[in-house]
Amino acid sequence: MHWLDNLGERVSRRLAHRSSRRGFLNGLGKVMVASAAILPVLPVARAGNTPKLTGLDPNEIPEEEFNSCDYWRHCAVDGFLCSCCGGTASSCPPGTTASPISWVGTCHNPYDGKDYLISYNDCCGKTACNRCGCNTQTRERPGYEFFLHNDVNWCMANDNSTFHCTTSVLVGLAKN
């Protein structure tokens, strides 16, 4: 290995005799300016710049996922999803009225890892929609805890107590 050390020393000394620090810095500056002019022209993968889905806005979620019983906001819904019945996640379809009473679930959003309060409001006044029927019972309480149970006809407070569908209204973050 002694011969490799001698070769390295000879090459280093020759390079030091032929060049200066200023010349090296001058060349380095030219390379940096040239690369700054060329790099913006190169193709860039911008997939990493897309924002992470939060799952809070229904417009961010594909319709198939949003209308699925497995969607995180539907963790305690019992009924037909109004988004499949002519309404939206937070509004009743035309010809129906929201029940003034509802039940609340705490659902975990896998997109941001937080828990949210979701108010489930039944829309009343028409016959059952019979589309996108869900009966998820995450954190459901027994029937004797009336206000925490989702198997109740919440339309009983309306003039027309016929159940049509259920909305999943985001109330806010759940406080631990």
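Coordinate-derived values only; no laboratory data. Note that the structure is a prediction, hence the values are computed from the model and not measured. Don't worry about glycine lacking a Cβ; one is built from the backbone with ideal geometry, like all the others, and counts go over all protein chains shown.
The mean of 1/r over all pairs of different alpha-carbon atoms in the range 58-173, once inverted, gives a Kirkwood hydrodynamic radius of 14.0 Å.
What's the FRET efficiency of residue 1 with residue 36 using the Cβ-Cβ distance as r and R₀ = 30 Å, to the nearest 0.05? Spell out each step's value before the answer.
On the way: r = 41 Å, r/R0 = 1.36.
Approximately 0.15, to the nearest 0.05.
Based on Cα contacts under 8 Å between residues 6+ apart, the range 58-173 shows a relative contact order of 36 percent.
Could you please report the charge total around residue 85, scoring K, R as +1 and D, E as -1 over all other residues with beta-carbon less than 10 angstrom from its beta-carbon? Spell out each step's value before the answer.
Working: positive: 126, 131; negative: none.
Charge balance near residue 85 sits at +2.
Principal semi-axes of the equivalent ellipsoid, √(5λ) from the alpha carbon gyration tensor of the range 2-41, are 32, 13, 5 Å from largest down.
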